[in-house]
Amino acid sequence: MSERKVRVRFAPSPTGALHIGGVRTALYNYLFAKQHGGDMILRIEDTDSQRFVPGAEAYIVEALEWLGIKFDEGVGYGGSFAPYRQSERKEIYRKYVDQLLDNGKAYIAFDTPEELEAKRKEVANFQYDAATRGSMRNSLTMPAAEVEALIAQGHPYVVRIKIEPGEEVVVDDLIRGKVTINSSVLDDKVLYKSADNLPTYHLANIVDDHLMEVSHVIRGEEWLPSAPLHVLLYRAFGWEDTMPRFAHLPLLLKPEGNGKLSKRDGDRLGFPVFPLEWHDPKTGETSSGYRETGYLPEAVINFLALLGWNPGTDEEIFSMDELIRLFSLERCSKSGARFDYEKGKWFNHKYLQKKSDEELARMFAPELAAHSVTGVDAGKLAKIIGLVKERISFVKELWEQTSFFFIAPESYNPKDVKKRWKPETPAILEELIALLEGIGDFGSAAVEAVVIPYIEQKGYHMGNVMNAFRLAVVGECRGPHMFDITEIIGKEETVRRLRTAIENIKPEND
Ligand code: GLU
C-alpha cells in the first residue's frame, strides 16, 4: 500500500468537560502526528443535540492549549476541509445517506419508539437485524408508494444500515491486532434521523474521516465495539482502500486497578479527573482541574504519556519533543493502565525541581501575597525556595515550608518542646545569644564554624541544643539546615526569636 500522509483527528463530543482519558487520546494522536510530520485535526462531533453542553467546546480548546497539544486544522484553527463542527455539515451527510439508500446498503424505518419497546418486550434479546427487519415497518417490508407517502406526510423516520448476515468483519487494530467478528451479531444501527435532519455519530464519523482524509483513528477502547460497524460502513461506501488504520487505546483504570476510572474515583480519593476546573452549567457543580490544583502542564503530559505507553526502558522523564521522537503505537499496551495518582504528583515534583528558584519565586508570589507577606526581596525569596524546593510537589506547598522565614513562631510544637526543652535549655540558649551577638559574618558556614565547636567544647548534648535552637527559630523541629535559616533571617531576628522562646516556652513538668 502506498504511504499516505499521516492525518489524525481528535473528535470529542461537547457533552461536558474533557475527561483525563480524553486528554490522553488527544496526546497520543498529537505525538503520532508530529512524529510522522502529519496533521492533527480538531473535529467537534456535536450531532447529538440532546447531549450538547454549552461551554464544553471552549473548555476542550482551552485545556489542550494549556497542555501544549496543538492542532493544524479544525474548529478554531480553520483548514481546507472546513467546516469542522459536525452540526455545520448537515447537507454533506444527507448526500451520503442518500448514496447508501440508493445502493441498497441502507433502508428507511418508521417504527416508533413505542413499537420498538413493544418488540423488545415480546422478543427476548431483540435487535433490529436481518432476522427481525422483515417483521418491522420499513422500506424493505412496505410498498414503495406507502413509504413515499409517509415521508411526504412528514412522518418521522430513521435510516438504518442494512447489515448482511454471515460476513466476516476484520478490524485490523494497530494495538490489538486482528479482531474478527461475524456480521450476524451486529444490529442495523441508525445512521440518520429525519426528526432533526442529523446523522448519528457512526455515519458522521465515517463520512468525515473519509472526507478529511484521516489516515489513522486513534481513540479510546470504548469505541472498539463500534469498529466492526465502521468497517462495514467503509465497505458500504466503497471506501475500503482509504479506510484509516485503527488503534484503540487501553482503558484508564481506577487507582485500585479494577474497573474504569470515573469522576467519582476522583471525588472519592481527592484528585482531579479533568484538565481544568469545570463548572457544570446543568448541575452547577464545580470539579477540580489539574491546572488549578497546581500541576505544570509538562508534568501532566509526561504522566499521561506513560499511562498506556512505555518507552521500553526505565526512563520516566520525557519532554514533549522526546515523546514525539519516541512514541509508538506498537508500544501501547492492550491491557488497561492503572491510574496511579501518586505518580502524577511525583511527576509534578520532578518538573518543579527543573524550574529555577527565581521562576518558582514568581509562581509563589500570589500565594505569599494571600498570606499578607509583601516586600520580600526577590533574591532572598529565591534563596529561601532553593532551600526547600526538594520537599514540595506543588508550588502552594511552599507556604508551609517557608512561612517561618517571614513570620516568627507564635507557638511551639508541644511534642518537640517536651522532647527538646530541658531545664538547662534557657541558660544554654542565653549563652548562644551572647555567642551569636559576637559574630561579625552571619553567613551559614561562618556561624556553623563558631556554634558547633562551642557546643562540643562545653560538652552540651548536640541534639538537644541544636533542636532547642531550631524550635525557637522555626517553632518546631523541622526545616532546612539550621544555619542556612539563620543566615537568611539575619542575626537580629535570630536573637529576637531566641529571646522570645526563652520567655514563652514553659515546659510542663513531667
Ligand atoms: N465523538 C467520539 C468521542 O466523543 C469520537 C470517537 C472517535 O474518535 O471515533 O469520543
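The values are calculated or read from the model by the stated rules, or taken from the named source; none is laboratory data. What you are looking at is a predicted structure, and each value in this text was computed from that prediction instead of being measured. Positions of Cβ are backbone-derived with ideal geometry, glycine not excepted, and every protein chain shown enters the neighbour counts. For the accessible areas, the whole protein counts, side chains as well, though only heavy atoms, and no ligand, DNA or RNA atoms are used. Shrake-Rupley method; radii C 1.70, N 1.55, O 1.52, S 1.80 Å.
Select from the range 170-189 the residues that are under 34 Å from the mean Cα position of the chain (by Cα), open to solvent by less than 30 Å² (accessible area, probe 1.4 Å) and in contact (Cβ under 8 Å) with a residue 40 or more places away in the chain and list them in ascending order. Residues satisfying the conditions are VAL171, ASP173, ILE175, LEU186. Within the set GLY289, GLY257, GLY336, the sole residue that is closer than 21 Å to TRP399 by Cβ, among the small types (Gly, Ala, Ser) and within 18 Å of the chain's Cα centre (by Cα) turns out to be GLY289.
Evaluate the following for GLU65: is it out of contact with any strand residue (DSSP E or B) (no Cβ under 6 Å at 6 or more places or on another chain), closer than 30 Å to GLU148 by Cα, more than 15 Å from the ligand (Cβ to nearest atom) and charged (D, E, K, R)? In short, no. Of the residues in the range 247-266, not one is over 30 Å from TYR341 (Cα atoms), away from the ligand (no atom under 12 Å from the Cβ) and in a helix (DSSP H, G or I).
To keep it simple, each residue is scored yes or no on (1) within 49 Å of the chain's Cα centre (by Cα); (2) modelled with pLDDT of 95 or more; (3) among the small types (Gly, Ala, Ser); (4) not in a loop (DSSP other than H, G, I, E, B).
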{"site": "VAL451", "(1), (2), (3), (4)": "no, yes, no, yes"}
{"site": "ARG478", "(1), (2), (3), (4)": "yes, yes, no, no"}
{"site": "PHE483", "(1), (2), (3), (4)": "yes, yes, no, yes"}
{"site": "GLU503", "(1), (2), (3), (4)": "no, yes, no, yes"}
{"site": "LYS506", "(1), (2), (3), (4)": "no, no, no, no"}
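Taking the criterion of being open to solvent by less than 70 Å² (accessible area, probe 1.4 Å) and in contact with a strand residue (DSSP E or B) (Cβ under 9 Å, 6 or more places away or on another chain), the residues of the range 328-381 that qualify are SER328, LEU329, CYS332, SER333, GLY336, ALA337, PHE339. Checking LYS95, LYS34, LYS70, LYS105 one by one, the residue that is more than 14 Å from the ligand (Cβ to nearest atom), basic (Lys, Arg) and under 16 Å from the mean Cα position of the chain (by Cα) is LYS70 and no other.
Filtering the range 214-244 down to residues that are of a type in the set (D, E, K, R) and more than 13 Å from the ligand (Cβ to nearest atom), which residue is most open to solvent (accessible area, probe 1.4 Å)? Among those that are of a type in the set (D, E, K, R) and more than 13 Å from the ligand (Cβ to nearest atom), it is ASP241.
The number of residues in the range 40-52 that are without any contact (Cβ under 8 Å) to a residue 40 or more places away in the chain and either assigned to a loop (DSSP other than H, G, I, E, B) or out of contact with any Lys or Arg (no Cβ under 9 Å at 6 or more places or on another chain) (or both) comes to 3. For the range 23-34, the tally of residues that are free of Cβ contacts under 8 Å to residues at least 60 places away in the same chain and of a type in the set (S, T, N, Q) stands at 0. Within the range 40-52, the residues that satisfy the criterion of being touching an Asp or Glu at 6+ places or on another chain (Cβ under 7 Å) and either open to solvent by less than 10 Å² (accessible area, probe 1.4 Å) or within 13 Å of the ligand (Cβ to nearest atom) (or both) are MET40, ILE41, ARG43, ILE44, PHE52. Inclusion of LEU18 among residues that are crowded, with 22+ Cβ neighbours inside 10 Å, part of a loop (DSSP other than H, G, I, E, B), at negative phi and touching a helix residue (DSSP H, G or I) at 6+ places or on another chain (Cβ under 6 Å) is warranted. Residues that are hydrophobic (A, V, I, L, M, F, W, C) and in a loop (DSSP other than H, G, I, E, B) were ranked within the range 1-11; the one that is nearest to the ligand (Cβ to nearest atom) is ALA11.
Go over the candidates ALA131, ALA106 one by one and state the one that is touching a residue at least 12 places away in the same chain (Cβ under 8 Å), surrounded by fewer than 16 Cβ atoms within 10 Å (Cβ to Cβ) and aliphatic (A, V, I, L, M).
Answer to the selection: ALA131.
Of the residues making up the range 78-96, just one is hydroxyl-bearing (Ser, Thr, Tyr), open to solvent by 40 Å² or more (accessible area, probe 1.4 Å) and in contact with a helix residue (DSSP H, G or I) (Cβ under 9 Å, 6 or more places away or on another chain), namely SER87.
Within the range 12-22, at least one residue is closer than 20 Å to HIS210 by Cβ and either near the ligand (Cβ under 9 Å from one of its atoms) or free of Cβ contacts under 8 Å to residues at least 40 places away in the same chain (or both). Looking for whichever is open to solvent by 20 Å² or more (accessible area, probe 1.4 Å) and either without any contact (Cβ under 8 Å) to a residue 60 or more places away in the chain or among the basic types (Lys, Arg) (or both) here; the options are GLY55, GLY37, GLY68. Which one fits? Step by step, each of GLY55, GLY37, GLY68 is checked, and only GLY37 is open to solvent by 20 Å² or more (accessible area, probe 1.4 Å) and either without any contact (Cβ under 8 Å) to a residue 60 or more places away in the chain or among the basic types (Lys, Arg) (or both). Selection over the range 268-286 of residues that are more than 19 Å from LYS343 (Cβ to Cβ), touching a strand residue (DSSP E or B) at 6+ places or on another chain (Cβ under 8 Å) and either open to solvent by 10 Å² or more (accessible area, probe 1.4 Å) or among the acidic types (Asp, Glu) (or both) gives a count of 6.
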